[in-house]
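Some notes on the structure that comes next.
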Amino acid sequence: MLEIKGLNVSYGKKLALTVPNLTINKGEIIGVMGQSGSGKSTLVNSCLGLVPFKGQVTLNTDDVGILMQEQYYIDTMTNQKIMEGLLNTSIKKDKKLVELIDFFNFRSQLSHHFKNISGGQKQRMSLIMVLYQEPELLFLDEMTTGLDFESRQALIKQLKVYFKEHQTTVIMVTHYAKEIEQLADKLLIIDNGQVIAFDAPKNLFKQYVGYSAFIVGNNVDKNIKVQQPEEEYSVARQLIDDGDDFRRTQGDIELVYTEVMKGQRA
Ligand SMILES: Nc1ncnc2c1ncn2[C@@H]1O[C@H](COP(=O)(O)OP(=O)(O)OP(=O)(O)O)[C@@H](O)[C@H]1O
Ligand SMILES: [Mg+2]
């Protein structure tokens, strides 16, 4: 669905991103993580041809949807008018659009003006318009930044259903490990303009953490890695004896991310 070969993006003299090789298959959901300024948006923007680059980016579809971090629409029209205008349809006669509006709980916002709805509602409205076009390939750059915990959870749940149903290929940039845990088939970590990890989360967990890990006091920096199943009981017993709060994990993405980054800094 998406193939990158020898990608180089520079802003002036500064090399912002290098990706020698990257293939994303149809129906895969890729979660992209990395520090601020690492090159995540640059990756998205070069795939979309929004920044000049050297190398080869091949998209096997013309059906591409984009959701940027911020959207702007005309403030003098209701949301209904904006949607109908941009999608060139009439809500009354458009079953598909009505379904999406209900799916994202947006009906009560239709008569409002865009400037008067909340950040989460704005994101939903943009998603409705992007998904209406049933893109085969979808880029989401920090879709849930600024949403409260509950809205984020609700949105992720809805998207999970939608993506499965439509077999959408998705590249989503996020700072929230939980989003990746819930949605992504593969995790791509960018550091300082380089792809430093790209694989299924469970493979990265095995490689960078081990069989399992005990996170002490809910702080991923305080973790005990376990390589063999037999070791788990003694570790757990010790933690209980010490009176520590802990949880066991075999797939925590925040832990994977932290460990991958540690390897990079070592
Ligand atoms: N238009 C631009 N002109 C010059 N430099 C840029 C431009 N866009 C990005 N950069 C630089 O390129 C690097 C990568 O930026 P990018 O926007 O891809 O980071 P990011 O990983 O998306 O960060 P964030 O998490 O903050 O969104 C940064 O050092 C940034 O300052
Ligand atoms: Mg960015």
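The values are calculated or read from the model by the stated rules, or taken from the named source; none is laboratory data. What you see is a predicted model; the values in this text were computed from it and never measured. For neighbour counting, all protein chains shown are included, and Cβ atoms are generated from backbone atoms with ideal geometry for every residue, glycine included.
Okay, here's what the table says:
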| item | result |
| --- | --- |
| Extreme residue, modelled with the lowest pLDDT, among residues of the stretch 42-63 that are outside any helix (DSSP H, G or I) and among the β-branched types (Val, Ile, Thr) | THR61 |
| Residue in the stretch 209-231 that is in a helix (DSSP H, G or I) and outside the structural domain of ASP141 (by TED's automatic domain parsing) present | yes |
| Flag for VAL64 being more than 16 Å from ligand 1 (Cβ to nearest atom), surrounded by 13 or more Cβ atoms within 10 Å (Cβ to Cβ), touching a residue at least 12 places away in the same chain (Cβ under 8 Å) and among the aliphatic types (A, V, I, L, M) | yes |
| ILE24 crowded, with 17+ Cβ neighbours inside 10 Å, more than 16 Å from ligand 2 (Cβ to nearest atom) and either assigned by TED's automatic domain parsing to the domain that holds MET125 or under 18 Å from GLY6 (Cα atoms) (or both) | yes |
| Residue that is buried (at least 20 other Cβ atoms within 10 Å of the Cβ), of a type in the set (S, T, N, Q), out of contact with any helix residue (DSSP H, G or I) (no Cβ under 8 Å at 6 or more places or on another chain) and touching a residue at least 40 places away in the same chain (Cβ under 8 Å), where the choices are THR169, THR145, THR174 | THR169 |
| Lone qualifier among TYR72, TYR132 - being surrounded by 19 or more Cβ atoms within 10 Å (Cβ to Cβ), hydroxyl-bearing (Ser, Thr, Tyr) and over 18 Å from the mean Cα position of the chain (by Cα) | TYR132 |
| Some residue of the stretch 52-64 being at positive phi and either out of contact with any Pro (no Cβ under 8 Å at 6 or more places or on another chain) or away from ligand 2 (no atom under 13 Å from the Cβ) (or both) | yes |
